[in-house]
Amino acid sequence: MISAEWYLALSAILFTIGVLGVLTRKNAIVMFMCIEMMLNAVNLSLVTFSGWHNDINGLILVFFSLCVAAAEAVIGLAIIIAIFRNNLTVDLSRINLLRW
Amino acid sequence: MLTTYLFFFFAILAIAAALAMVFNKHTVNSALFLVLNLLSLAGIYLLMEAQFLAVIQVLVYAGAIMVLFLFVIMLLNLDNEAKLFNSVAMKEIVVVLLSAAVLAQLMYSIRGWFGMVDSNPIALGELGTVEAVGDVLYTTYLLPFEVTAILLTAAVVGALVIAQRKIHLEK
């Protein structure tokens, strides 16, 4: 049977792939999708701990983090659209107005 | 025994879809691979008997949020990235090392749990049902639940304001 460590390891691997994506990709939308995947990995570990401790509060926290992720996705995509309108690109290496 | 096979099936599917998402040149394909990743995570939630979260995962994440992503990708009519990776090899090496460090750190902290778990299979049982979650959500967590409504409304209004405003920046 599958115990908690396997779920946690899967969560860690998915989180690391998300980190890798955020660091390598330059497309803003793909970076954003990688962030969503990292949020998902953390949700998985929350559910795992919830099942481990037989406590329902972890599931509630996942519900709230899902709501925040939805709000974040809406705002982030709106920002990406605004950036695209002004610069005609979502390549983050070319959006360097505030870069030092 | 079946759950073990199913877990590894879903886990390998999730990891493969995640890697395919990161290393795909086309943005639309990346979004569709992310949908596959989210669906396999929903399957893993089902293995943990968290039915409510599995349904929410499919409805909200794989449904609503990813449709939003696809809409924006279609709207912007993105061309493919010219170079998937930076031409600077040094930066790639640093990125891979950094990711490996993150993974090693996480795995090390997970390995610390190994002695503490009596290798019970993770199963939420009664806790994962809609009744149990709704019971707690509408009593103990009623106020945060209502605040979530305000948060989502603010997000929608903010998105409208941000996406509609025309800022004329000279390039």
Scope region B:71-102; condition among the charged types (D, E, K, R) and either modelled with pLDDT of 70 or more or under 17 Å from residue A:18 (Cβ atoms) (or both); matching residues: B:91, B:92
Only listed residue being more than 7 Å from every other protein chain (Cβ to nearest Cβ), in a helix (DSSP H, G or I) and over 22 Å from residue B:145 (Cα atoms), chosen from A:12, A:82, A:78, A:41: A:41
Residues within region A:50-64 that are in contact with a helix residue (DSSP H, G or I) (Cβ under 6 Å, 6 or more places away or on another chain) and in contact (Cβ under 8 Å) with a residue 24 or more places away in the chain, tallied: 1
Total residues in region B:1-30, condition surrounded by fewer than 21 Cβ atoms within 10 Å (Cβ to Cβ) and under 14 Å from residue A:37 (Cβ atoms): 7
Members of region B:13-31 found to be part of a helix (DSSP H, G or I) and in contact (Cβ under 8 Å) with a residue 24 or more places away in the chain, listed by number: B:13, B:14, B:27, B:28, B:31
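The values are calculated or read from the model by the stated rules, or taken from the named source; none is laboratory data. Here the structure is a predicted model, which is why all the values come from computation and not from measurement. Quick reminder, even Gly has a Cβ in these numbers, built from the backbone with ideal geometry, and neighbours come from all protein chains shown.
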